[in-house]
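Note sheet for the following structure.
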Amino acid sequence: MSVTARKNARSAASEMGSSGGANAALQPWGPLGEYMTDAMQRTVLFWDVLRQRSEQYYAQKEKAVPHVLSFDAELVLDARSFARPANYLLVRIKPPQGVTIDPAKRPFVVVDPRAGHGPGIGGFKADSEIGVALHAGHPCYFVGFTPEPMPGQTIEDIMHAEVAFLEKVVALHPEAEGKPCVIGNCQAGWAVMMVAAIRPDLFGPIIIPGSPLSYWAGVEGKNPMRYTGGMAGGSWMTALASDLGNGTFDGGYLVENFENQNPANTLWSKNYNLWSKVDTEGQRFIEFEKWWGGHVNLNAEEIQWIVDQLFVGNRLATAEIVTSAGERIDLRNIRSPIICFCSEGDNITPPQQALGWIVDLYARDDDIRACGQTIVYSVHDSIGHLGIFVSGGVAKKEHQEFASNVDLIDVLPPGLYEAVLTKKTADAPGADLVEGDWIVRFEPRTLDDVRAIVQPDPEMERRFAAVRRVSEINLGLYRTLMQPLVKASINEHNADWLRKLNHAELPYEIFSDRNPLMQQVARLAEQVREQRAPAAPDNPLLAWQAMVSDGIVAALDGWRELQEKNVEQLFLAIYGSPLLQALVGVGGSGEPPRRGPALEPERLAFIEQRIAELKARIAEGGPREAVIRALVFVGMAGPGVDERAFNELRRIRAENKGMPLQAFKTVLREQYFSLLLDREGALAAIPKMLPADAAARARLLETVRRAAQAAGKPSGEKAQRLAQVEKLFAGGTRAAAPPKRGRTAA
C-alpha cells in the first residue's frame with residue numbers, strides 16, 4: 001500500500017472514530033497506533049463472539065431436542081416411548097425446494113455419533129451426507145438423540161431402537177429397489193455394525209466413515225490416543241467419572257479427550273484464528289461451536305460397556321460380545337456390502353482402527369468370499385477426523401460417489417475392494433454415464449494389502465491384552481473399596497456443580513450474559529463495530545503477530561510430540577514387562593492374547609454344501625444368466641469394476657424392463673462363484689444357455705459389448721476375454737428344454 005493510500009485509510013478510520021476516542025488518540029503513533037487500535041477492537045469483538053457462543057449454548061440446552069441439521073425434518077418414531085426406552089429418534093428429512101425424490105430408489109438412513117456432541121453433523125450443511133443423498137434422489141432419514149439418556153438405558157436398548165427404526169423405514173418404502181443404505185458416522189459406525197450383525201436382513205450397503213472397530217490397532221509413534229486406557233489404569237476412571245456425575249457420564253469429558261489430541265489448536269490456534277479474523281470468522285466459528293459445544297450425556301451403564309467391551313476390551317472385531325439374549329455379535333454375519341471410509345490425517349480413528357477388524361476376523365482372502373461378504377475401503381490422504389463428516393470437498397467427492405453408486409456397491413461380488421476415484425475429464429470414455437466430477441472404480445484387493453496398512457503386531461496385542469486384564473482388576477478393586485464411599489458422598493446438586501466446573505463447560509459460564517461484565521462487553525462491541533478501524537494489510541506488526549502465532553503453535557506442537565513420545569515409551573515399558581504380563585495371565589502359555597479369526601465347523605459345513613449346489617447348477621440358466629456370466633468373466637480381467645459399465649448395464653435393464661436389482665445381485669453372485677469354482681466348465685456351458693436363433697444371440701452379445709466397452713475400448717487380457725466370449729456367443733447352440741429363468745438379458 002502506498003504512503004498516500006495509507007494516509008487515506010487512516011483518515012477514513014479517524015472519521016469513523018468518535019472525537020477524543022482511542023482511534024484519534026493513537027492515530028499519531030503511525031503503524032503502531034493503527035495496530036493497537038485494531039488489536040483492541042478485535043479483542044472486544046472476540047469477547048463478544050464468545051459471549052454469543054455462550055448464549056447459543058444455553059439456548060440449545062433449553063431445547064427439547066437440540067440439533068444442527070440444516071434440513072427440515074418430521075418425527076417418525078420416538079424410542080423414548082418404546083417398551084425398552086432409549087433417547088433416540090427417527091426423523092424423515094424433507095427434501096429442499098427443487099429436489100425431487102424417486103420412490104423407486106432405496107432410502108438412506110444417517111446415524112450420528114453420540115460421543116459427547118449433539119446430533120446433526122451428517123446434515124450440517126447442504127454439501128453433506130444427507131445433502132448428496134437427497135440430490136441423488138434418495139429418500140433420507142436421520143437418527144438423532146436427546147441430550148439426556150433414559151433411566152437405565154443400555155447399549156442393547158439402543159440396538160433394539162435402531163432395529164425398530166430400520167423396520168419402519170423398510171415398511172415405508174415397499175417399492176424401493178433395495179434395502180436402506182445406512183451411514184454410521186464415527187461412534188455410530190460400531191453401533192450400526194452390531195445391529196447389522198444380528199439383523200442383516202434390514203440392511204443395504206453400510207457406510208462407516210471414520211468409525212473405530214479395532215481399538216488396539218495403530219502404528220508406533222503415530223497413534224497415541226490408544227494408550228489412554230492403559231495409562232489411566234483401565235476403565236475404573238470411567239466408573240469414577242460416572243459416580244461423580246451421580247450415575248451420569250458428562251459428555252464434556254469426551255469432547256475434552258478429542259481436544260487433548262491437538263493442544264496447539266485447542267489452546268491457541270482456534271481462538272487465534274477467530275481473534276485475528278474476527279470480522280469474517282465470527283459467524284463460521286459460532287455455527288461450528290453450535291455442534292462442537294452441544295454436549296450430551298451417557299448413562300454410567302452405557303459408557304462402562306463401551307469402554308470395557310470396545311476401547312479397552314477390543315472384543316467387537318473378534319466376535320467375543322454376546323448379548324443378554326445369548327446372541328453372539330459376529331460381524332461376519334453381515335450380508336450387506338460394508339464401505340469403510342477413513343483418512344491418513346485422522347488422529348482419532350486412524351486407518352488402522354478403521355480397517356483392522358478385517359484382518360482380525362479373516363485369515364485368508366477366500367474366507368471373505370466364503371462368508372459372502374463384500375468389503376470396500378477408501379483411505380483419504382490428509383483430511384482430519386471432523387472433515388470426514390463436515391468437509392464440503394469430501395461430500396462432493398467421496399460421499400457423492402458412494403451415494404450415486406450405492407446400487408453398484410450392492411451388487412459387487414463378494415470380496416475385498418478399494419474404491420479408487422479419478423477426476424472426470426471432458427474426453428473421458430462414457431462421460432455421460434458418470435454422475436458428478438469423479439469416476440469411481442472398485443479394484444480387487446487382498447488381505448495383504450490391508451495388513452500393509454494395519455501393520456498388526458503380536459507383541460503390541462499382548463501389551464493391550466495386559467491392559468485389559470489390569471483394567472478388570474482395577475475396576476474390581478474400585479467397585480469394592482472406593483465406589484460405595486464415592487456414591488455416598490455425591491448427590492445431584494454437587495454433581496451439577498462438578499459439571500459446571502468441567503473444562504468443557506466452564507468457558508460458557510464465564511462468557512455468558514450471566515456474567516455482568518459480559519453485558520458491558522456486548523455494548524462496547526456495538527460501539528466498536530460502528531468505529532471499526534482495521535489495520536492496513538501491509539502493517540508490519542500484522543506480520544510480527546503471525547510470526548509470534550507460528551512460534552506458539554510450533555512450541556505447543558513440540559510439547560505434544562514430546563509428551564506423546566514419553567507416554568508411548570512409558571506404556572511400552574509398563575505393559576511390555578514379561579513380569580506384569582505373567583502376573584495378569586497374559587503370554588507365556590503360547591496362547592494368543594485374544595480370539596483369532598476362524599471359521600466355525602457349522603459355517604464350514606454350510607460353505608461346503610453351498611459349493612456343491614453351485615457346481616451342480618453350473619450348466620443351468622437361460623440367456624440372462626449367460627450374459628451376466630460373460631460380463632463377470634470379462635470384468636474379472638480388468639483393473640476393477642467401473643461405474644460406467646454398471647450404469648450402461650442399468651440403461652440396458654431399463655430399456656428391456658429387466659429384473660429387479662436384488663434378483664440381479666443374486667444371479668450375479670451365482671455366476672461369479674461358478675467362474676471361481678470351475679471356470680472352464682462355466683464357460684463351456686454358456687453356448688447351451690443361449691437361444692438357437694443367431695439374431696437373438698447377436699443382440700445378447702451386443703449387450704455384453706456395450707457394458708464391456710463403457711469405460712473405453714478393452715485391451716490386454718480383457719480384450720482377449722471379450723474375444724473368447726464373442727466366439728462362445730457366435731457358436732452357441734441351445735440345449736433342449738432349458739430351465740426358464742427370464743426373458744431379458746439384464
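The values are calculated or read from the model by the stated rules, or taken from the named source; none is laboratory data. All of these numbers come straight from a predicted model, not from anything done at the bench. Note that we place each Cβ from the backbone using ideal geometry, even for glycine, and neighbour counts take in every protein chain shown. Surface areas here come from the heavy atoms of the whole protein model, side chains and all, with no ligands, DNA or RNA. Shrake-Rupley method; radii C 1.70, N 1.55, O 1.52, S 1.80 Å.
Going through (1) open to solvent by less than 40 Å² (accessible area, probe 1.4 Å); (2) assigned to a helix (DSSP H, G or I) one by one, Arg499 falls short only on (1).
Looking at the stretch 107-126, is at least one residue farther than 30 Å from Ile286 by Cα and within 20 Å of the chain's Cα centre (by Cα)? Yes, that holds for at least one residue.
One line per residue, one yes/no per condition, for (1) surrounded by fewer than 22 Cβ atoms within 10 Å (Cβ to Cβ); (2) at pLDDT below 95:
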{"residue": "Glu220", "(1), (2)": "yes, yes"}
{"residue": "Asn223", "(1), (2)": "yes, yes"}
{"residue": "Ala239", "(1), (2)": "no, no"}
{"residue": "Phe258", "(1), (2)": "yes, yes"}
{"residue": "Asn262", "(1), (2)": "yes, yes"}
{"residue": "Thr266", "(1), (2)": "yes, yes"}
{"residue": "Tyr272", "(1), (2)": "yes, no"}
{"residue": "Trp275", "(1), (2)": "yes, no"}
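A quick yes/no check of all residues on (1) out of contact with any helix residue (DSSP H, G or I) (no Cβ under 6 Å at 6 or more places or on another chain); (2) surrounded by 13 or more Cβ atoms within 10 Å (Cβ to Cβ):
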| residue | (1), (2) |
| --- | --- |
| Ala555 | yes, no |
| Gly558 | yes, no |
| Ser577 | yes, yes |
| Pro593 | no, yes |
| Ala612 | yes, no |
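Scanning the stretch 405-455 for residues that are among the aromatic types (Phe, Trp, Tyr) and over 30 Å from Asn333 (Cα atoms) returns a single hit, Trp438. Cβ-Cβ contacts under 7 Å between residues 6 or more apart (or on different chains), taken from a first residue in the stretch 203-214 that is open to solvent by 10 Å² or more (accessible area, probe 1.4 Å) to a second residue that is hydroxyl-bearing (Ser, Thr, Tyr) and not in a strand (DSSP E or B), are listed as Phe203/Ser336. Close Cβ contacts (under 6 Å, 6 or more residues apart or on different chains) running from residues in the stretch 46-71 that are over 22 Å from Ser128 (Cβ atoms) to residues that are open to solvent by 40 Å² or more (accessible area, probe 1.4 Å) comprise Phe46/Trp275; Leu50/Phe511; Arg51/Phe511; Ser54/Phe511. Condition first: over 22 Å from the mean Cα position of the chain (by Cα), surrounded by 19 or more Cβ atoms within 10 Å (Cβ to Cβ) and in contact (Cβ under 8 Å) with a residue 40 or more places away in the chain. Can you find one or more residues in the stretch 437-458 that meet it? Within the stretch 437-458, not a single residue is over 22 Å from the mean Cα position of the chain (by Cα), surrounded by 19 or more Cβ atoms within 10 Å (Cβ to Cβ) and in contact (Cβ under 8 Å) with a residue 40 or more places away in the chain. Those helices (runs of 4 or more DSSP H) of the stretch 625-702 in which at least 1 residues are under 30 Å from Lys423 (Cβ atoms) and in contact with a helix residue (DSSP H, G or I) (Cβ under 7 Å, 6 or more places away or on another chain), considering only elements entirely within it, cover 643-655, 661-677.
A count restricted to the stretch 177-189 and to residues that are out of contact with any helix residue (DSSP H, G or I) (no Cβ under 6 Å at 6 or more places or on another chain) and open to solvent by less than 20 Å² (accessible area, probe 1.4 Å) stands at 3. In the set (1) farther than 13 Å from Trp47 by Cβ; (2) open to solvent by 100 Å² or more (accessible area, probe 1.4 Å); (3) part of a helix (DSSP H, G or I), the condition left unmet by Arg514 is number (3). Among the residues of the stretch 517-541, those that are open to solvent by less than 40 Å² (accessible area, probe 1.4 Å) and not β-branched (Val, Ile, Thr) comprise Met518, Ala522, Ala525, Arg532, Ala533, Ala535, Ala536, Asn539. Look at (1) open to solvent by 30 Å² or more (accessible area, probe 1.4 Å); (2) at pLDDT 80 or above; (3) within 34 Å of the chain's Cα centre (by Cα); (4) acidic (Asp, Glu) and you find that Glu602 fails only one, number (2). The conditions of being within 29 Å of Arg315 (Cα to Cα) and open to solvent by less than 80 Å² (accessible area, probe 1.4 Å) are met by Glu568.
Annotation: Thr228 fulfils all but one of (1) of a type outside the set (Gly, Ala, Ser); (2) surrounded by 21 or more Cβ atoms within 10 Å (Cβ to Cβ); (3) modelled with pLDDT of 90 or more; the unmet one is (2).
The numbered conditions (1) at pLDDT 95 or above; (2) acidic (Asp, Glu); (3) more than 34 Å from the chain's Cα centre (by Cα) are all true for Glu568 except (3).
Annotation: of all residues in the stretch 160-175 being in contact (Cβ under 8 Å) with a residue 12 or more places away in the chain, farther than 22 Å from Ile321 by Cα and open to solvent by 20 Å² or more (accessible area, probe 1.4 Å), the one that is farthest from the chain's Cα centre (by Cα) is Glu175. Of the residues Asp308, Asp366, Asp360, the single one that is on the phi < 0 side of the Ramachandran plot, at pLDDT below 90 and open to solvent by 10 Å² or more (accessible area, probe 1.4 Å) is Asp366. Here the condition is being farther than 16 Å from Arg624 by Cα, within 42 Å of the chain's Cα centre (by Cα) and part of a helix (DSSP H, G or I); of Lys727, Lys713, Lys718, it holds for Lys718 alone. Of all the numbered requirements in (1) open to solvent by less than 50 Å² (accessible area, probe 1.4 Å); (2) of a type outside the set (Phe, Trp, Tyr); (3) at positive phi, Gly98 misses one, and that requirement is (1).
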